Amino acid sequence: MPVSPVRESCALAAPVTAVPDTDRKAASTMRSYHLSPGAAPFGLARREHAVPEPGPGQALVRMRANAVGFRDTLVREADYPLPLAEGVVAGCEGVGEVVAVGAGVSGVAEGDRVALTVFPHWLDGPFAVAYAAQLGGSVDGALAEYAVVAESALVRLPGHLSYEEAVALPLGWLTAWNALTGGRRVLPGETVVALGTGGVSLAVVRLAALAGARVVVTSGDVAGKAGRLRALGAHHVLDRRGDWPAEVRELTGGRGAELVVDVAGSVAESLRAGALGGEVAYVGYRVGDAVTGPPVDARLLFDSGVGVRGVAVGSRAQLVSLMGAVEVHGLRPVVDRVFGFGEVDGALAWHASGRAFGRVVVSHEG
Ligand SMILES: NC(=O)c1ccc[n+]([C@@H]2O[C@H](COP(=O)([O-])OP(=O)(O)OC[C@H]3O[C@@H](n4cnc5c(N)ncnc54)[C@H](OP(=O)(O)O)[C@@H]3O)[C@@H](O)[C@H]2O)c1
């Protein structure tokens, strides 16, 4: 694992004192949550230690908001496809304010509002094994009051968003952006299907509507959510427990959807819903109560004429593009509930309840 300034500072931690929220900039100690498999109730351990100093090329970010989502469930259950290292600072979703910079930093300055990129080494181009280190996975993450980050792993936030809104961007919205723009691009009038109404899927709905697509969403609670989904740009809301691939075909005059963003591992169904020459953007192999679907019949893969593309969040360059689109169009991610930094377990419990519509956020304010 790369040398971790935050973890080094944990080892050197001075006697613990609480950080007064009124004087964050001058604080010398900080709190952070660390991956601690087996720790009740959510596999996290809270620690207090010295605030690290930014080195050359690095910035010190005072975190202002984090978010929790299904990724945290997969990490907790050790069902994550990327390497995990016990003890690292948890969480890959974080936004905050630059409060100090190290030598040679020119891309960000004190006072900048920034997002941390989920893959700090993935700047541009296709994903590669060399970029696999992920925040809150094998390197220190964002669920901390301060983080030291390479300036190349920071992107400025759109000015119209609060920190609580903006924290939806670097993981969920970027994944949706990559699904919509990183493979088979969707044209106005084509059909996009989003499965369920989680953080990634709500972003797909909003961005696909912006692209002029016909937007179809599946949900386990059509009656309760259809109104809010239509307000975000959905044209059709289908019951995910019904034969939604057949319904997609019917809605599209038999053609199928040009893009299905699959967050639930239901690839066989997604292929059945797809149009010849279309694509399944394969984002998640399980979500909520979904179990990964049956093995995909090779014949279905061939006959459908639909390609399957795995999506791994996105690069820094893609996040910059997304921020531009969000800014120009004044887009606002949906925030469901905001918890305090001392209430991370409550935030995780609320997400696990499956009752959220929009992001479950942890705020450092107040
Ligand atoms: N590849 C990547 O880069 C990447 C990035 C981020 C997330 N992910 C993955 O993408 C998936 C979604 O993450 P998220 O954080 O957006 O999830 P989330 O917010 O936890 O999604 C919850 C929603 O999923 C829906 N759902 C529940 N059970 C379902 C089922 N059986 N079938 C279909 N939908 C179901 C529910 O919507 P309704 O109640 O309305 O049905 C629920 O509101 C996860 O697998 C996550 O690990 C992948």
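Computed 3J(HN,Hα) for region 128-142, one whole-Hz value per residue from the Karplus formula 6.51 cos²θ - 1.76 cosθ + 1.60 where θ = phi - 60°, is 9, 4, 4, 9, 5, 5, 10, 4, x, x, 9, 10, 4, x, 10, glycine and proline marked x. Along region 70-76 the Karplus relation, 6.51 cos²θ - 1.76 cosθ + 1.60 evaluated at θ = phi - 60°, assigns HN-Hα couplings of 5, 4, 5, 5, 5, 5, 4 Hz to successive residues, with x for each Gly and Pro. When only alpha carbons are used to place a centre, region 246-263 and region 323-366 end up 30 Å from one another.
Here region 183-310 is assigned +1 on the Cβ of each Lys and Arg and -1 on the Cβ of each Asp and Glu. Its dipole about the Cα centre then comes out at about 340 debye. Each Lys or Arg adds one and each Asp or Glu takes one away; over the other residues whose Cβ falls under 12 Å from the Cβ of Asp243, this sums to 0.
About the centre of its Cα atoms, the chain shows a dipole size close to 580 debye [charges on the beta carbon of Lys, Arg (+1) and Asp, Glu (-1) only; nearest 20 debye]. Compute the acute angle (0 to 90°) between the alpha-carbon long axis of helix 199-210 and the principal axis of greatest extent of the alpha-carbon atoms of the chain; round to the nearest 10°. For helix 199-210, the angle is close to 60 degrees. Assuming charge only on the beta carbon of Lys and Arg (+1) and of Asp and Glu (-1), the dipole of region 124-225 about its Cα centre is about 500 debye to the nearest 20. The residues packed around Gly182, meaning those with a beta-carbon under 13 Å from its beta-carbon, carry a net charge of +1 if Lys and Arg are +1 and Asp and Glu are -1. The distance from the alpha carbon centre of region 141-169 to that of region 51-93 is 12 Å, rounded to a whole number.
Values in this text are rule-based calculations from the coordinates and carry no lab data. Everything numeric in this text was worked out from a predicted model, so none of it was measured. Note: ideal-geometry Cβ built from the backbone for every residue, glycine included; neighbour counts use all protein chains shown.
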